[in-house]
1. Hey, can you rank 55-67, 1-13 by average C-beta count inside 10 Å, highest first?
2. Taking the Cβ of Ala32 as the center, what net charge do the other residues with Cβ under 13 Å away carry, scoring Lys and Arg +1 and Asp and Glu -1?
3. Taking neighbour Cβ counts within 10 Å as the exposure measure, how do Thr101, Thr96, Thr46 sort from fewest upward?
4. Would you please classify the overall shape of segment 1-99 from the alpha carbon gyration tensor, given that a ≥ b ≥ c denote the square roots of the eigenvalues, rounded means a/c under 1.5, and beyond that prolate means a/b larger than b/c while oblate covers the rest?
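Any read-out appearing in this document is the output of simple, stated calculations on the displayed coordinates, not a laboratory observation. Small disclaimer: the values here were computed from a predicted structure and weren't measured. Please note: Cβ atoms are built from the backbone with ideal geometry, for glycine as well, and neighbour counts cover all protein chains shown.
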Amino acid sequence: MNSVILVGRLTKDPEVKYVGEKSILVTNFTLAVDRKSKKESKGQKTDFIRIEAWKEAADICANKIKKGNLVSVKGELRIDEYLDKEENRRYSTKITTYNVTLLEHSKKQVNGIDIFEGEKVNMDEAMLPF
């Protein structure tokens, strides 16, 4: 079973594009995900993970999430293989998502305390192109 769940913040607004003869909507964005650290003194390490959404899922991502939002992403790990200019074999890792939950919709302050309101964005696996 290939299943991944990540929680992190978007590093920039999702990139929107259309691919193929049928102009299928695809969004791509990078999620900054903090690693769980055993030692607090070493500082927090962050992984920057590429996320891809297709069709209806891409439309929801393009219209509901933006740079800095805290989101939960559920999807599948994909490893693409390609040849670079020097004909060396390279690999690229990404998550193809079918479910994004916006964990932080808007930020408000009440008595100096940050209050976050969330909005769930559900995407079904049937939205994936494969």
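1. Highest-to-lowest ranking by the protection proxy: 55-67, 1-13.
2. +4
3. Thr46, Thr101, Thr96
4. oblate
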